[in-house]
Each structure stands twice: as C-alpha cells, then as structure tokens.
Amino acid sequence: MSNLAINTAQNVNLDYKLIGLGERFVAFLIDGLILLTYITIMENLVALSDIFSTDDWTKRGILGLVTLPALFYSVLCHILFSGQTIGKMILKIKVVRVDGAPTQWYNLLVRWMLRIVDIWMFFASIGVLSILLSDKKQRVGDAAAGTVVISVKKKHKITSTILEDLEVDYQPVFTNVTQLTDKDVRIIKEAFTISKKNNDYKTLTLLRNKVCSVLNIESNLYDIDFLNTILKDYNYYTQNM
C-alpha cells in the first residue's frame, strides 16, 4: 500500500492512502454511466419534443448544444466539488495537490486537458502505464498538474473522537467537567493525544493548568492521569444526562 505523507504546520504527520488504477477505473466507469444517461435523456427529449420539429441538421445542432456540458463534466465537477466527480465521491477518493493542499482550478484544468494523452490516445495505455510505474500513482496529467489521487475514507476509531472507553463501575472524580463543551473536549483530547505520543511533557503541563484554570479545580494527579480522568469524567456525565 502506497501512502502520501504530509507534515502539517504543527509538525503532525498525516498519511493518506494513494489510489491506484482499480478504484480510479471504477470511478471513471460510474462517471461514464452518468454521462451516457444524460446524453440518452437529451437525445430522447430532442427527438420527441415538438419544439424541435425541424430538419435533421438543426436537430443535430440543438442536440450538440444541449450535450455540450458533458464534454466539460470532469473539469467542472472537480472544480465545483473540490477535486471530486460523482464517481469519486461514491468511491470516496479525491484529487489533491502533492503537498496535501486543496487543488486550485488551474491544477484541475491542466489535469483535464491532458486526459487527451492519458485516456483518449492509444486506448488509455499511456495513463495506465504512468499510474502503474509512478511512485505516487500519478498519470501524466497528475504529474504535470502536481496532483495525486487519495482516499478520503474515514477510519472510525474511538481514539479519533471525544468518546472514551469507560469501565462499567467507573466513578467520576470531577463533577464540574460538564462546564466544558464538546468542542473544548475535542481540543483537549487532540492536544493530549499528540503531546503524550511525542512525550511533550511541557505541553501536557500547560494543558493541565489551562483545564484547572477553566474549571477552577486542583488535583494531586499527574498530568497524564489528570487529563485522562477529565476526558473520562466528561464522557461519564454526558452519556448519562
């Protein structure tokens, strides 16, 4: 499995799964089915409508006009939906810049224009080979635009939420933790998790002092035990309210 490692401004490493040929191809087929459905509906409307009861050349011109949006479907969707088409939304994949930042319209325009090389020339063999041979699974359009395709599937783990595992007979310590909000607790847990992982004891102490100040409490517990207790107490009370 290939991953894209991004280092944020807060020096937190984020890993994104890079998407290869399989899921991209399925998304492409879904988008193709949507376009085929749209074009078929437009053809039937033009053929059946009395408004277009005229010569064949005029009908063809009108049909070409109403199906023109299909030509720009990919680039418009990517721009409007921040790097996704409907097919990509269904597959939960997305186009981003190599540095992990959201794409700009010019990145997506370059990428779309080079579909001619990647997809429509030589039966898509150029695009397929470039994805297979690239370390970052980029087709020619991706390499030129500085983009990659990543997974945006969320891994739902209790550690990534404000929830905590509580023992059946858990007894809370700090009764006034309900003064905190879900947003407060989410910030506390994120800072607590990152600081504990990095052995950043200075930040843990600062975080502990801030919580004590907000809740106007004192405790003899060590920083890690104290913050862990605050999180569990909050869950205890909010789950039983």
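The values are calculated or read from the model by the stated rules, or taken from the named source; none is laboratory data. From a predicted model like this one, the values you see are computed outputs, not experimental measurements. Don't worry about glycine lacking a Cβ; one is built from the backbone with ideal geometry, like all the others, and counts go over all protein chains shown. The area values use the complete protein model at the heavy-atom level, side chains included, leaving out ligands, DNA and RNA. Shrake-Rupley method; radii C 1.70, N 1.55, O 1.52, S 1.80 Å.
Name the single residue that is nearest to the chain's Cα centre (by Cα) among those in the stretch 212-241 being among the polar types (S, T, N, Q) and either over 24 Å from Asp169 (Cα atoms) or open to solvent by 80 Å² or more (accessible area, probe 1.4 Å) (or both).
Result: Gln239.
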**Asked** Got at least one residue in the stretch 190-210 being touching a helix residue (DSSP H, G or I) at 6+ places or on another chain (Cβ under 8 Å), of a type in the set (A, V, I, L, M) and closer than 22 Å to Glu167 by Cβ?
**Response** no
**Item:** Residue count, the stretch 78-104 (criterion: free of Cβ contacts under 8 Å to residues at least 40 places away in the same chain and on the phi < 0 side of the Ramachandran plot)
**Value:** 9
**Message:** Show the residue pairs meeting these rules: Cβ distance below 7 Å; 6+ apart or different chains; first residue within the stretch 193-215 and touching a residue at least 60 places away in the same chain (Cβ under 8 Å); second residue open to solvent by 30 Å² or more (accessible area, probe 1.4 Å) and of a type outside the set (D, E, K, R).
**Reply:** Ile194/Val12
**Request:** For the stretch 86-109, name all the residues that are closer than 17 Å to Gln138 by Cβ, among the hydrophobic types (A, V, I, L, M, F, W, C) and in contact with a helix residue (DSSP H, G or I) (Cβ under 7 Å, 6 or more places away or on another chain).
**Result:** Ile93, Val95, Leu108, Leu109
**Complete:** For Gly146, the lone unmet condition from (1) open to solvent by less than 60 Å² (accessible area, probe 1.4 Å); (2) free of Cβ contacts under 8 Å to residues at least 24 places away in the same chain; (3) not β-branched (Val, Ile, Thr) is (2)
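A quick yes/no check of all residues on (1) open to solvent by less than 60 Å² (accessible area, probe 1.4 Å); (2) over 13 Å from Thr238 (Cβ atoms); (3) of a type in the set (D, E, K, R); (4) in contact with a strand residue (DSSP E or B) (Cβ under 8 Å, 6 or more places away or on another chain):
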{"position": "Leu180", "(1), (2), (3), (4)": "yes, no, no, no"}
{"position": "Ile188", "(1), (2), (3), (4)": "yes, yes, no, no"}
{"position": "Thr193", "(1), (2), (3), (4)": "no, yes, no, no"}
{"position": "Asn198", "(1), (2), (3), (4)": "no, yes, no, no"}
{"position": "Tyr201", "(1), (2), (3), (4)": "no, yes, no, no"}
{"position": "Leu207", "(1), (2), (3), (4)": "yes, yes, no, no"}
{"position": "Lys210", "(1), (2), (3), (4)": "no, yes, yes, no"}
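Listed here are the residues, each with its yes/no results for (1) part of a helix (DSSP H, G or I); (2) under 30 Å from Thr85 (Cα atoms); (3) at pLDDT below 90; (4) small (Gly, Ala, Ser).
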site	(1), (2), (3), (4)
Ala124	yes, yes, no, yes
Asp135	no, yes, no, no
Leu166	no, no, yes, no
Leu207	yes, no, no, no
Glu218	no, no, no, no
Tyr236	yes, no, yes, no
**Residue check for Ile86: open to solvent by less than 70 Å² (accessible area, probe 1.4 Å) and at pLDDT 95 or above** = yes
**Message:** If I filter the stretch 41-61 down to residues being touching a helix residue (DSSP H, G or I) at 6+ places or on another chain (Cβ under 6 Å) and aliphatic (A, V, I, L, M), which single residue comes out as modelled with the lowest pLDDT?
**Reply:** Val46
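Looking at this structure, is Leu109 under 24 Å from Tyr16 (Cα atoms), assigned to a helix (DSSP H, G or I) and either open to solvent by less than 40 Å² (accessible area, probe 1.4 Å) or modelled with pLDDT of 90 or more (or both)?
Values: under 24 Å from Tyr16 (Cα atoms): yes; assigned to a helix (DSSP H, G or I): yes; either open to solvent by less than 40 Å² (accessible area, probe 1.4 Å) or modelled with pLDDT of 90 or more (or both): yes.
Yes: the conditions hold for Leu109.
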**Residue in the stretch 127-136 that is surrounded by 14 or more Cβ atoms within 10 Å (Cβ to Cβ), touching a residue at least 24 places away in the same chain (Cβ under 8 Å) and of a type outside the set (Val, Ile, Thr) present** = yes
